[in-house]
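S.K.: Attaching a single structure in structure tokens format; questions to follow.
A short reminder: the numbers here are calculations on the coordinates, not readings from a lab. Just so it is clear, the model here is predicted, and its values are computed rather than measured. For neighbour counting, all protein chains shown are included, and Cβ atoms are generated from backbone atoms with ideal geometry for every residue, glycine included.
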Amino acid sequence: MTMTSVTSAPTIPPPPPIEPEPARPRLSGRIRANRPYPGWFYLPAAIIYTILFLVPTVASFYFSLTRWTLFDVEFIGFQNFIQFFQEPMLVQGFTNTFVYAAITSGAKVVIGLALAVLLTSEIVGRGYLRAVVFFPVLVSTIGVGFTFKVLMDPFDGLINQTLAVFGIEGPGWLTDPSLALISVALVDIWKGVGLATLIFMAGIVAIPREYYEAAKVDGAGGWRNFWSITVPLVRPATNTVIILSLIGGLRSFDLIWAMTRGGPGFTSDVIASVIYKQYQAGFYGLSTAGNVILFLVVTAIILPLFIWLNRREVEL
Amino acid sequence: MSAKRRMPAIVLAGVTTLALGLSGCAAGGGTSDGEAVELSFFMGNVEANVATAEGLIAAFEAANPDITIDLDSSGPSGAEGDNLTKTKLATGEMADLFWYNSGSLFQALNPDQTLLNMADEPWVDSLNESYVQTVSTDNGVYGAPAGTATGGGVFYYIPDYEELGLSVPTTWEEFAANNEALKAAGKEAVIQSYADTWTSQIFVLADYFNVRAEDPDWAEKYTAGEVKYADDPVAMAGFQHLQDVHEAGFLNQDFASATFDDALRKVANGEGTHYPMLTFAISTIADLYPDTVDDIGFFALPGDGANGLTVWMPPAIYASANTEHPEEAKRFLEFVASVDGCDAMTDAVGVSGPYLVDGCTIPDDVPRAVADMLPYFEEGGETSPALEFLSPIKGPSLEQITVEVGSGIRSAADGAALYDEDVKKQAQQLGLPGW
């Protein structure tokens with residue numbers, strides 16, 4: 001969608017159609033006639049949205065200020081938030097979340113763009129390779145997690161056994177406290193890079209060929225083409241990939257849970273897994289407060305980033 | 001255009017389906033007069049427990065042809081199972097009967113509102129007094145014991161002990177010396193299986209006999225928030241031991257990735273010598289490694305003073321408060337807590353300790369590890385219930401903390417202090433006074 005701003009850039013925009021602006025009488029009947037549907041058509045969606053999204057959101061803000069069980073509620077003010085920020089695992093959970101989000105979204109941009117350039121060029125078996133790159137996206141995350149957990153077993157796993165053939169002693173991918181989070185992030189990249197590649201491919205295909213032809217006339221090489229044409233003009237796709245993978249990384253849970261359950265100990269815990277454990281332990285108020293914090297943190301990061309990235313896009 | 005027009009129809013269909021689903025919830029159940037009554041029974045899929053329940057149900061149905069029991073053993077185990085059980089009880093969706101822990105986990109079920117009170121049933125009097133406390137609140141008694149008591153301690157591979165001329169340790173120093181000798185002989189002295197995090201807690205939890213030997217009122221003070229692990233060197237010894245066995249290099253090489261099943265295989269085949277565990281595991285070993293089960297002995301976790309066994313109470317079978325067949329449910333619980341019930345369980349899975357019902361006996365040919373455990377219960381032996389049966393508070397993060405301490409990620413003192421924080425949250429959630 002945002003692609004149009006780039007692709008239509010060289011064409012001269014047609015003059016805006018001059019609309020006769022008659023003094024519009026503020027008649028409700030008139031306004032209604034302008035709408036494609038009568039108002040009550042929106043009602044079912046509004047009801048569903050209210051019940052399933054608005055009410056729980058508002059309710060969770062209230063319940064985060066209480067200590068509740070399924071039977072009773074006790075209002076305790078901001079104590080849950082104070083407690084949550086005193087959690088020793090939380091600091092680590094926060095750090096891990098940002099590390100994880102940064103690694104996965106960074107790698108998805110770089111690898112995704114490289115693969116997209118490769119897969120939009122004239123290579124043998126392009127269709128097949130495109131399918132192969134995209135395939136991991138279609139597989140269940142939990143399934144991927146369990147599979148890699150087996151592959152990454154430090155002694156019986158295929159990865160370390162393969163390394164052993166070459167005389168390398170593989171590390172404890174998921175059991176070494178300093179490595180566990182990185183290992184999960186690698187699997188996340190493997191699984192998610194297909195989607196990034198797809199978005200980049202759409203962006204690259206949408207770049208008009210004329211630019212490359214003009215550059216060729218001027219004697220530009222492949223490298224110059226990539227940095228001066230592809231990278232700037234594919235920016236809307238880059239922004240989409242960054243935003244999507246950053247949001248995904250910040251609230252990642254399923255893969256981490258399937259592979260390490262936050263372990264060993266708390267070393268690969270992220271905010272979402274800390275919250276889940278609080279809920280599992282029956283600390284409902286505390287985990288609700290955690291969710292409110294997660295919501296605020298994700299909004300506080302993504303919203304400015306989104307605005308900033310979009311502004312850059314317009315400046316182009 | 002046609003796609004747009006179809007929209008409301010789809011919404012309508014969705015709403016209708018939802019309405020049908022809701023009305024479906026209201027129906028169902030149904031009573032019967034004079035005909036066979038069917039009770040539902042829910043439990044987690046822990047192999048030995050399911051076999052126990054199946055044995056009980058078969059024997060009960062044979063004796064009570066007018067009642068059939070439909071077992072649903074598809075539930076998850078561990079923390080996910082706790083979650084599901086609480087949710088089912090709170091929403092009134094629980095089966096007529098269900099299997100669940102006794103002690104602190106039972107207290108978190110809000111029993112007075114969700115469970116059927118058995119306090120007036122005559123069979124309650126035949127139960128061991130300290131067991132009754134673990135399935136009771138101030139207002140009622142709720143469960144019948146499903147299985148035998150088990151002990152927390154150390155399984156050991158007897159041929160290794162014979163080979164090196166070692167004797168069963170009664171203090172931590174002797175235990176450490178044995179480990180040193182085993183290590184020098186090139187053996188894996190202590191097996192740990194941190195891939196299944198719950199198995200990492202034994203050094204701390206099974207040490208409670210030693211804590212109680214120093215201070216008999218420790219549990220009461222702990223519930224009141226007056227004593228902490230981090231401030232009490234005796235209580236912290238469990239954490240310290242975890243750190244020590246790791247630092248001394250006694251552990252199996254794959255301690256971080258080994259599972260509970262791996263560990264049982266190792267001790268049964270002599271790949272490692274000591275495995276700290278609860279004796280309930282012996283029924284799995286007997287099942288999988290029948291040839292070597294009598295090579296495995298057992299001793300209580302050694303401490304620094306008196307030597308005795310920390311005992312785990314069996315889980316219980318409970319009846320849901322909103323069952324439509326309370327009389328039949330009570331009859332089943334009565335059977336569970338009877339001599340016939342004990343015999344049915346023995347036939348199904350064997351025993352891993354003594355029963356807690358008057359008149360119940362265990363067979364003479366028990367596995368060696370169980371035989372090693374019985375003297376602690378007899379005259380001259382000493383036992384203490386584990387802390388989770390004396391206090392309603394058990395911090396939910398203990399197993400992650402013990403993995404960290406046991407893998408050298410966190411020091412024992414840090415781990416104990418972190419666990420005190422965890423305990424504080426649990427006490428606040430339970431609404432206990434003094435926190």
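S.K.: Starting from 0.36 nm per residue, how many nanometres of slack lie between residue B:120 and residue B:220 once their C-alpha separation is accounted for?
M.R.: 33.3 nm
S.K.: Any idea how far the Cα center of region B:94-168 sits from the one of region A:247-316, in Å?
M.R.: Answer, in whole Å: 39.
S.K.: Distance in nm between label sites at residue B:374 and residue A:75, each 7 Å beyond Cα in the beta-carbon direction?
M.R.: 6.2 nm
S.K.: Give the order of A:209, B:212, B:265 when sorted by the count of other beta carbons within 10 angstrom, beginning with the fewest. Don't jump to the answer; show the numbers that get you there.
M.R.: Working: A:209 7, B:212 23, B:265 17.
Listed from fewest to most nearby Cβ atoms, that is A:209, B:265, B:212.
S.K.: Return the FRET efficiency for the residue pair residue B:113, residue B:435: r is the Cβ-Cβ distance, R0 is 22 Å, and the value is rounded to the nearest 0.05. Write out the running numbers ahead of the final one.
M.R.: Values: r = 22 Å, r/R0 = 1.01.
Computed FRET efficiency for residue B:113 and residue B:435: 0.50.
S.K.: For region A:200-272, what is the relative contact order in percent, using Cα pairs closer than 8 Å and at least 6 residues apart in sequence?
M.R.: With pairs under 8 Å counted, the relative contact order is 28 percent.
S.K.: Given axes a ≥ b ≥ c from the Cα gyration tensor, I'd like to know whether region A:89-315 is rounded (a/c under 1.5), prolate (a/b larger than b/c) or oblate.
M.R.: Taking the square roots of the gyration eigenvalues as a ≥ b ≥ c, region A:89-315 is oblate.
S.K.: For region B:186-202, in order, what is each residue's ³J(HN,Hα) by Karplus, 6.51 cos²θ - 1.76 cosθ + 1.60 with θ = phi - 60°, in whole Hz (x at glycine and Pro)?
M.R.: The phi angles translate into x, 9, 7, 6, 10, 8, 10, 9, 6, 5, 9, 4, 4, 5, 7, 8, 4 Hz.
S.K.: Which whole-Hz couplings ³J(HN,Hα) result when phi for each residue of region B:371-388 is put into the Karplus expression 6.51 cos²θ - 1.76 cosθ + 1.60, θ = phi - 60°, listed in order with x for Gly and Pro?
M.R.: Computed from phi, the couplings for region B:371-388 are 4, 5, 7, 4, x, 5, 8, 8, 3, x, x, 10, 9, 9, x, 5, 4, 5 Hz.
S.K.: Would you mind checking which residues have amide H under 5 Å from residue B:141's amide H? H placed 1.01 Å from N; only 5 or more apart, or other chain.
M.R.: Under 5 Å from the amide H of residue B:141 lie the amide H atoms of B:118, B:119, each far enough along the sequence or on another chain.
S.K.: Output wanted: per-residue J couplings in Hz (rounded whole) for region A:220-233, from phi through Karplus 6.51 cos²θ - 1.76 cosθ + 1.60, θ = phi - 60°, x for Gly and Pro.
M.R.: Taking θ as phi minus 60°, the curve returns 7, x, x, 5, 5, 4, 4, 6, 9, 10, 5, 4, x, 7 Hz for region A:220-233.
S.K.: Looking at the protein assembly as shown, send over the antiparallel percent of its DSSP beta bridges, to the nearest 5.
M.R.: Here the antiparallel bridges make up roughly 65 percent for the protein assembly as shown.
S.K.: How large is the helix-only mean residue ellipticity at 222 nm for chain A, computed as the sum of -39500 (n - 2.57) over DSSP H runs with n ≥ 4, divided by its residue count, in deg cm²/dmol to the nearest 500?
M.R.: The per-residue figure over chain A is -20000 deg cm²/dmol.
S.K.: Would you mind ranking A:82, B:67 by Cβ crowding within 10 Å, fewest neighbours first?
M.R.: Working: A:82 11, B:67 20.
Listing A:82, B:67 from fewest to most nearby Cβ atoms yields A:82, B:67.
S.K.: Between residue A:308 and residue A:147, what length comes free when the chain is fully extended (0.36 nm per residue of separation minus the Cα-Cα distance, one decimal in nm)? Please list the in-between numbers first.
M.R.: Values: separation 161, 0.36 × 161 = 57.96 nm, distance 3.86 nm.
In short, 54.1 nm is gained.
S.K.: If each of residue A:223 and residue A:205 carries a label point 7 Å out from its Cα toward its Cβ, how far apart are those two points in nm?
M.R.: Output for this residue pair reads 3.0 nm.
S.K.: Sticking with this structure for a sec: For residue A:128 paired with residue B:411, estimate the spin-label separation in nm (one decimal), with each label point 7 Å from Cα along the Cα-to-Cβ line.
M.R.: 6.0 nm
S.K.: Note the count of lysine pairs whose C-alpha atoms are less than 26 angstrom apart in region A:89-315, limited to pairs 8 or more residues apart or on different chains.
M.R.: Number of lysine pairs found: 5.
S.K.: I've got another one for you. Using a 10 Å cut-off around each Cβ, can you sort B:383, A:175, A:162, A:147 from fewest to most neighbouring Cβ atoms?
M.R.: A:162, A:147, B:383, A:175
S.K.: Tell me the mean residue ellipticity at 222 nm calculated for chain B from its helices only (DSSP H runs of n ≥ 4, each -39500 (n - 2.57), averaged over every residue, nearest 500).
M.R.: After summing the helix terms and dividing by the residues of chain B, the value is -13500 deg cm²/dmol.
S.K.: Here's something else I'd like to know. For Cα pairs less than 8 Å apart in space and 6+ apart in sequence, what is the mean separation divided by the residue count of chain A, i.e. the relative contact order in percent? Write out the running numbers ahead of the final one.
M.R.: Working: 332 pairs, mean separation 87.7, N = 316.
That works out to 28 percent.
S.K.: Can you give the FRET efficiency for residue B:58 and residue A:35, using 1/(1 + (r/R0)^6), R0 = 60 Å, r = Cβ-Cβ distance, to the nearest 0.05?
M.R.: The computed FRET efficiency comes out at 0.30.
S.K.: If amide hydrogens are placed 1.01 Å from N in the peptide plane, which non-local residues have theirs closer than 5 Å to the one on residue B:310?
M.R.: Amide H neighbours of residue B:310, under 5 Å, 5+ apart: B:152, B:209, B:301, B:384.
S.K.: Restricting to Cα pairs below 8 Å that are 6+ residues apart, what does the relative contact order work out to for chain B? Please round to a whole percent.
M.R.: 25 percent
S.K.: Which FRET efficiency value, to the nearest 0.05, do you get for residue A:215 and residue A:139 by plugging their Cβ-Cβ distance into 1/(1 + (r/R0)^6) with R0 = 35 Å?
M.R.: The formula returns an efficiency of 0.35 here.
S.K.: So who's got an amide H within less than 5 Å of the one on residue A:268, skipping anything under 5 residues away but keeping other chains? H placed 1.01 Å off N, in plane.
M.R.: A:263
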